[in-house]
1. Rank Ala88, Asn154, Ser27 by how far each Cα sits towards the positive end of the charge dipole of the chain (+1 on Lys, Arg Cβ; -1 on Asp, Glu Cβ) and give me just the farthest.
2. Relative to the longest principal axis of the C-alpha atoms of the chain, give the angle of the C-alpha long axis of helix 82-99, reported between 0 and 90° and rounded to the nearest 10°.
3. Tell me, what are the semi-axes, in whole angstrom and largest first, of the equivalent ellipsoid of the chain as set by the roots of 5 times the Cα gyration tensor eigenvalues?
4. Can you give the helix-only mean residue ellipticity at 222 nm for the chain, where every DSSP H stretch with n ≥ 4 adds -39500 (n - 2.57) and the sum goes over all residues, rounded to the nearest 500 deg cm²/dmol?
5. What fraction of the DSSP beta bridges in the chain is antiparallel, stated in percent and rounded to the nearest 5?
6. Where in the chain lies the longest segment free of GluC sites (Glu not before Pro) that are both loop residues by DSSP (not H, G, I, E, B) and have at most 11 other Cβ atoms within 10 Å?
7. How large is the charge dipole for the chain, taken about the Cα centre, if only the Cβ atoms of Lys, Arg (+1) and Asp, Glu (-1) carry charge, to the nearest 20 debye?
8. How much length is gained on full extension from Arg61 to Ser73, taking 0.36 nm per residue of separation minus their Cα-Cα distance?
Amino acid sequence: MSVRVVGIVVSGDAATIVDAEMPTDLSDPIVILADNSWRLQKGEKGAAYHVLHQRCADYLRENSISRVVIKASALPTGAAKLGLLNSAELRGVIIAAAASVCEIKLLTKASISRTYGERKVDEYIEDDSFWGEQTTGKTLRKLSRESAMLIIANRNT
């Protein structure tokens with residue numbers, strides 16, 4: 001029996017989500033069911049975070065999602081700017097919402113590059129043939145490939 005898994009990457013004021021069905025045979029491609037972006041609404045941040053928290057938790061609950069894999073924070077290469085801190089705040093909101101509904105896993109890009117395959121994540125993201133082999137179902141936007149990579153890299157756990 002397959003399970004529903006969602007991959008989420010938070011960047012700036014948006015969360016890119018990929019909802020996929022994970023087949024029991026790990027050699028089969030994942031089935032993309034949805035590819036969306038959830039934007040933080042304009043206005044007072046506390047209320048906007050609450051709305052996005054509810055949207056995330058409701059989506060996961062209503063779609064019987066078993067697991068969420070979220071791109072974890074990484075150390076900045078330079079001084080932390082406001083955009084990075086805002087992304088971290090929003091990531092925390094998404095983590096809390098997901099954890100209130102199902103099992104979650106946090107993965108960094110660096111850990112995927114070390115543990116999945118022989119290439120770096122960015123090389124997989126650019127490889128159209130890789131995505132043709134690893135996914136089926138709805139069309140996956142290129143900007144959503146990183147979210148889908150979280151699901152693929154977490155298949156064996």
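1. Ala88
2. So the inclination is approximately 70 degrees.
3. Equivalent-ellipsoid dimensions as semi-axes: 25, 19, 13 Å.
4. -12500 deg cm²/dmol
5. Of the beta bridges lying entirely in the chain, close to 60 percent run antiparallel.
6. Values: sites that count: Glu44, Glu118.
The answer is 45-117.
7. The dipole magnitude comes to about 500 debye.
8. Difference between extended and current length: 1.8 nm.
Values in this text are rule-based calculations from the coordinates and carry no lab data. What you see is a predicted model; the values in this text were computed from it and never measured. Ideal geometry is used to build each Cβ from the backbone, glycine not excepted, and the neighbour counts take in all protein chains shown.
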